[in-house]
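Peer 1: Here it is, the structure, as structure tokens.
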Amino acid sequence: MLIATGVKVHRAKAEFTVGAQKYPPGSYVVKSAQAFRAHVLDMFEPQDHPDDFAYPGAQPTPPYDAAGWTLAFQMGVKFDRILDGFDGPFEELKDEVKPPPGKVVDTEKAVGFFLSAQTNDSFRAVNQLLAAGEEVRRLKEPLALGEILHPAGTFFVTKKEGTQARLEKIAEKLGTHFIGSQVAPGKEAVALEPVRVALWDRYGGSMPSGWTRWLLEQFEFPFVVVFPPELDKGGLREKFDVIVLVDGAIGGGRRGMGGGQPPPDITALDELGIPADYRGRRGSITVAKTLPQFKKFLEDGGTILTIGSSTTLATQLGLPMANHLATKDADGKEKPLGRDKFYVPPSLLRAKVDNQHPLAWGLADEVDVMFANSPTFRLTGEGKSRPARVAWFDGKTPLRSGWAFGQQHLDGGVAVVDTSAGKGRVVLYGPQVLFRAQPHGTFKLFFNGIVRAGEKE
């Protein structure tokens, strides 16, 4: 991406040392002494937005758009920032860099192949394999085979005629690595099926839905776009396994998220004035018509993934959780924190992650999330009814890039929640885990939510 925007990038042809740190061959070096220095700093260094108040005691003045966007943080890229000049055995890269070809190893007498869930493209590989009719399973618990420990979430592809050749093509194109095994997992693994995904959209268009559509296409998840009238018709479980409600599907969008507000009510317009292909798409998700269909979908084992404002569905369903960013008034009633106490325009915050939970398989124990006055939860249930905490804010200074006025109020708040509902599941992503298709570091939280719905118990 840097090269595509004109930044010069070098690659090390041999090992080199800077200070006390050694770097291996193939390491990338982005020098800041170049024409696009400002862009380089924007992509790697945190943005430090000042407290902006029109006058003492005023509410914060919203920025035009995001206050923090450091792309390296969003993508989970590990890098070192070097302040002293240095040089080494470097070559300038003239073209955009494709993923290094992956390998299929330990093929002799292999009955199948393991694929790590640590890279996003592993999910694309799995989608290609399922579409081709290959048998893919996923470890529900760690599995030690010899000296190799395969963590929970690892995929296993059963070897059939033509499987190895297909894996070699995928490895060459995507850069994913497949490790052969002479032993197949038993009860530790569960079989996967292709998942039928429904992505909400509205008449006139939703930007978050459009970005999500593009992202699903890039990673080859099969999906269809659905509009509120189709959701209201019911029979959802017969058609879908997962329903995705992006920011703005419920509760309206947030400034800076591209959600905007629904287009004006046009029910009074002449139906003939709307192109035939678009008739029947008008309307919004409602408590009266849509919520009963969502409840039936969940009772029958469906999964609903909600992002941003659409996590309001949890309240509508009566799920055991509350608003963490709230205080009590003089009468002892809870009310949301006012903007005079808490305000975070689109910025990057650090969250803790329970990477033993199925939604977080493949992640580290911390991740940077795009937060935009995002819903933050307090779990209230007990025992089996208590939702699972997948990601949360731990500490009073989670800000990594941007502006977070009153950020101390986030301490202990839950960012990502997984909970059961009927035979199904509801996942709440408070932060913008798919923000404009940029935060590759949090895609897996969403991808895992889809893949899990395809498990054959």
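The values are calculated or read from the model by the stated rules, or taken from the named source; none is laboratory data. Here the structure is a predicted model, which means the values were calculated and not measured. FYI the Cβ positions are ideal-geometry reconstructions off the backbone, even for glycines, and counts take in every protein chain you see.
Peer 1: Please name all residue pairs, on different chains or six or more residues apart, with Cβ atoms under 6 Å, provided the first residue is in the stretch 41-54 and is touching a residue at least 60 places away in the same chain (Cβ under 8 Å) and the second residue is surrounded by 13 or more Cβ atoms within 10 Å (Cβ to Cβ) and hydroxyl-bearing (Ser, Thr, Tyr).
Peer 2: Pairs that qualify, where the first residue is touching a residue at least 60 places away in the same chain (Cβ under 8 Å) and the partner is surrounded by 13 or more Cβ atoms within 10 Å (Cβ to Cβ) and hydroxyl-bearing (Ser, Thr, Tyr), are Pro46/Thr70; Pro46/Ser401; Gln47/Ser401.
Peer 1: Could you list, in sequence order, the residues of the stretch 47-106 that are in a loop (DSSP other than H, G, I, E, B), surrounded by 10 or more Cβ atoms within 10 Å (Cβ to Cβ) and among the aliphatic types (A, V, I, L, M)?
Peer 2: Ala58, Ala66, Ala67, Met75, Val77, Ile82, Leu93, Val97
Peer 1: Of these, Val190, Val195, Val225, which one is closer than 23 Å to Phe443 by Cα and surrounded by 21 or more Cβ atoms within 10 Å (Cβ to Cβ)?
Peer 2: Only one candidate passes the filter, namely Val195.
Peer 1: Pull up the stretch 334-367, narrow it to residues that are surrounded by fewer than 20 Cβ atoms within 10 Å (Cβ to Cβ) and of a type in the set (Gly, Ala, Ser), then point me to the one that is farthest from Phe405 (Cα to Cα).
Peer 2: Only one residue tops the list, namely Ala364.
Peer 1: Go through the stretch 188-212 and give me each residue that's farther than 30 Å from Leu139 by Cβ and not in a strand (DSSP E or B).
Peer 2: Asp201, Arg202, Tyr203, Gly204, Gly205, Ser206, Met207, Pro208, Ser209, Gly210, Trp211
Peer 1: Now, a different point. Take residues that are in the same structural domain as Val416 (by TED's automatic domain parsing) and of a type in the set (Lys, Arg) and tell me which of the strands (runs of 3 or more DSSP E) falling wholly in the stretch 282-392 contain 2 or more.
Peer 2: 347-353
Peer 1: Something else: Every residue in the stretch 24-40 that is touching a residue at least 12 places away in the same chain (Cβ under 8 Å) and surrounded by 12 or more Cβ atoms within 10 Å (Cβ to Cβ), please.
Peer 2: Ser27, Tyr28, Val29, Val30, Lys31, Gln34, Phe36, His39, Val40, listed by residue number.
Peer 1: Which of (1) touching a Leu at 6+ places or on another chain (Cβ under 8 Å); (2) modelled with pLDDT under 95 does Thr380 not meet, given it meets every other one?
Peer 2: With respect to (1) touching a Leu at 6+ places or on another chain (Cβ under 8 Å); (2) modelled with pLDDT under 95, Thr380 is out only on (1).
Peer 1: Still on this structure: Does the stretch 139-153 contain any residue that is closer than 30 Å to Ile3 by Cα, in contact (Cβ under 8 Å) with a residue 12 or more places away in the chain and not assigned by TED's automatic domain parsing to the domain that holds Val18?
Peer 2: Within the stretch 139-153, not a single residue is closer than 30 Å to Ile3 by Cα, in contact (Cβ under 8 Å) with a residue 12 or more places away in the chain and not assigned by TED's automatic domain parsing to the domain that holds Val18.
Peer 1: Also, quick follow-up: I want to confirm something. Restricting to the stretch 399-440 and keeping residues that are in a helix (DSSP H, G or I) and either in contact with a helix residue (DSSP H, G or I) (Cβ under 6 Å, 6 or more places away or on another chain) or without any contact (Cβ under 8 Å) to a residue 12 or more places away in the chain (or both), which single residue is surrounded by the most Cβ atoms within 10 Å (Cβ to Cβ)?
Peer 2: Of everything passing the filter in the stretch 399-440, Arg436 is surrounded by the most Cβ atoms within 10 Å (Cβ to Cβ).
Peer 1: Continuing with this model, one more query. Can Val18 be described as surrounded by 17 or more Cβ atoms within 10 Å (Cβ to Cβ) and outside the structural domain of Val367 (by TED's automatic domain parsing)?
Peer 2: No; evaluated as a whole, the condition is false for this residue.
Peer 1: What's the total number of residues in the stretch 238-287 that are aliphatic (A, V, I, L, M), modelled with pLDDT of 60 or more and in contact with a Pro (Cβ under 9 Å, 6 or more places away or on another chain)?
Peer 2: 3
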